[in-house]
1. Hey, does the range 144-155 have a residue that's without any contact (Cβ under 8 Å) to a residue 60 or more places away in the chain, open to solvent by less than 20 Å² (accessible area, probe 1.4 Å) and not assigned by the TED database to the domain that holds residue 18?
2. Identify, by number, the condition in (1) under 21 Å from the mean Cα position of the chain (by Cα); (2) of a type outside the set (Val, Ile, Thr); (3) surrounded by 14 or more Cβ atoms within 10 Å (Cβ to Cβ) that residue 102 doesn't meet.
3. If you take the residues in the range 70-88 that are part of a loop (DSSP other than H, G, I, E, B) and open to solvent by 80 Å² or more (accessible area, probe 1.4 Å), which one is nearest to residue 310 (Cα to Cα)?
4. Would you check which residues across the range 158-206 are buried (at least 21 other Cβ atoms within 10 Å of the Cβ) and of a type in the set (Val, Ile, Thr) and list them?
5. So which residues in the range 126-143 are open to solvent by less than 40 Å² (accessible area, probe 1.4 Å), in contact with a Phe, Trp or Tyr (Cβ under 8 Å, 6 or more places away or on another chain) and at pLDDT below 90?
6. Looking only at residues in the range 22-69 that are on the phi > 0 side of the Ramachandran plot and of a type outside the set (Ser, Thr, Tyr), which one is surrounded by the most Cβ atoms within 10 Å (Cβ to Cβ)?
7. Would the range 50-61 turn up any residue that is under 21 Å from residue 83 (Cα atoms) and free of Cβ contacts under 8 Å to residues at least 40 places away in the same chain?
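The values are calculated or read from the model by the stated rules, or taken from the named source; none is laboratory data. Bear in mind that the values here come from a model prediction, so they are computed numbers and not experimental data. Positions of Cβ are backbone-derived with ideal geometry, glycine not excepted, and every protein chain shown enters the neighbour counts. Heads up: the accessible areas ignore ligands, DNA and RNA and are worked out on the full protein's heavy atoms, side chains in. Shrake-Rupley method; radii C 1.70, N 1.55, O 1.52, S 1.80 Å.
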Amino acid sequence: MAAKEPEIIRDKDQMRRWSRAMRSQGKTVGLVPTMGYLHDGHVSLIREAHNHTDLIVVSIYVNPGQFSPSEDLSTYPSDFHGDIQKLMAIPGGVDVVFNPHNLYDYGTSKNANAAARASDDARVGNGGNGVVSCVEENGLGHETWVRVERLEKGMCGQSRPVVFRGVATVVSKLFNIVEPDVAVFGKKDYQQWRIIQRMVRDLDFGIRVIGSEIVREKDGLAMSSRNVRLSPEEREKALSISKSLSRARLAAEKGQTNCIELRDLVAQAIHESGGRLDYAEIVDQESLEQAKEIRCPVVFCVAAWFGKVRLIDNMEINI
C-alpha cells in the first residue's frame, strides 16, 4: 500500500476552509499540535487521534509566544522534510500538515518606538517580573493573551513565566483556525495538558481534549525533541529522572506517602547524577495543588537540567 502523502497547508484561511469543507461532509477532524522534530511520542499521539476521528491534522509550528528571549527558541531542533517522511510512515498517515510561517504576523508593521513601548507594557502586564516572550520582544503587535491563572502558576510556570500564557494562546489560535472535534496532547507535558483541558472547559470550546500516555526510550528516558541535544554522557545521567521517579512510585505503593521524603529521594538522585533540579513536586492530578501526604491520585512532576538541556518528566501515582 502506497504511503499517504499529507496536504501541506501554510495559510490559516486555507486551513480553516479545508476543515469546514470536511466537516460539512460529516467528517470529524482531529488535531495533534506539535513543534516539529517528530519522534515516536508524537507518533503515539497521532495513533491515538486515529481512534477518535475520521481525519487528522498535525500542526508543526515552533511557537515564539511560549519562549522568552533567553530561552532556546533559536536552537530548537527542526527537520521538516524528516517530519513529513515520519508522518507518511504511520499506518493511515495524516491528512493535513498545517505549517504556518508566523501566527503572530498580521500584515502590520510597528516602528521601533512602538515596539519598545509594547515590550515595556508586556513586562509590566506579566506580573511586573520583567519577562516577555519573543513575540513582544520582536514588536509584532500581538497583545491578546489567554491565561489559565491558577493552574499556570506552579512548576514550569514558576521557572518559565511566559510559557503557559504562550501555550494557551497559540492553542486557542490553532483551535480557531483548524476547528477540530478532538485534540490530542501528550501527558509528558502534564501541566500543559491540564491547562488546555481547563481552558477548553472555561471558554466553552466544543473540542474534546485527550491526554496520551508518555512514550519512553527502551532505557526509560521520556521521549523529547530536546533529547537530541544531550551528549552521550548527559543522556546517561538524565536516566536518573525516570529511575528515581519509578523508585518513588514503588515506595508510595508500599506505603511511603510522605511527599517531602519522596521528593528528597528524587532530588538526591538527580543531584548525585550531576543534574541541576528545577523542581520536583507531587501534586493533585486535577487541581495541580501540592500534596503533603498521598491520599488521592497524584502526579510526581520533575524538571531538571543536564548540561544546557532542560528535561521534564512525570509519573502518576494512583493509590
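1. no
2. (3)
3. 70
4. Residues satisfying the conditions are 162, 163, 167, 169, 170, 171, 177, 178, 184, 195, 196.
5. 141
6. Among residues in the range 22-69 that are on the phi > 0 side of the Ramachandran plot and of a type outside the set (Ser, Thr, Tyr), the one surrounded by the most Cβ atoms within 10 Å (Cβ to Cβ) is 36.
7. The answer is yes; a qualifying residue exists.
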